[in-house]
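Just so it is clear, none of the values below were taken in a lab; they were calculated from the coordinates. Since the model is a prediction, treat every value here as computed from it, not as a measurement. Don't worry about glycine lacking a Cβ; one is built from the backbone with ideal geometry, like all the others, and counts go over all protein chains shown.
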Amino acid sequence: RYFTIDVALPVITNVNPVSGSHISIARPKFSATVSDNAALALAEVRYDNYLVLTKPLSGQSALVEHTPISDLPNGNHTYSIRVVDSSGNEKTASTTFNISVPPPPPPYPSGCFLAGTPILMANIDPRGLYVLSLVHCNISF
């Protein structure tokens, strides 16, 4: 009888977002192509060291993707992926990127008919709370 011991590490390619990139969306999709000479078993994706995805795998190749369910804050972030094959060999890769989402423009005050006219505006802040503010029209028609 003959048998083969698998000591080859899985391969991780096409990791996105590209390391060092600057992104202007708050929910960037992570993706990576993974492969192995024998069979894949598991992939784990972490965002800033928090486990966000555990995906059972099979076959010799797979696409692993993850999109955040909520907006990520501006600043530097890291996605990492760990892949394990059916023999227990594992490989890790990571990508660091910067998110810079500009704030939305101020809302156009509806009801402006005359410059200097005060208008009561209601907005919802990021926490979901209503914020009332008194603004003065400075729009000329």
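Using the Karplus curve 6.51 cos²θ - 1.76 cosθ + 1.60 with θ = phi - 60°, work out ³J(HN,Hα) for each residue of the stretch 30-45 in order, rounded to whole Hz, and write x for Gly and Pro.
Once rounded to whole Hz, the list reads 8, 8, 7, 9, 10, 8, 8, 6, 10, 8, 7, 10, 7, 10, 10, 10.
Starting from the coordinates of the alpha-carbon atoms of the stretch 1-64, obtain the Kirkwood hydrodynamic radius over all distinct pairs and give the value in Å to one decimal.
13.7
Can you pull the one-decimal nm distance between simple spin-label points at residue 6 and residue 71, each 7 Å off the Cα toward Cβ?
In this crude spin-label approximation the distance works out to 4.3 nm.
For the stretch 1-52, what is the charge dipole size about the Cα centre, in debye to the nearest 20, if Lys and Arg each add +1 at the Cβ and Asp and Glu each add -1 at the Cβ?
120
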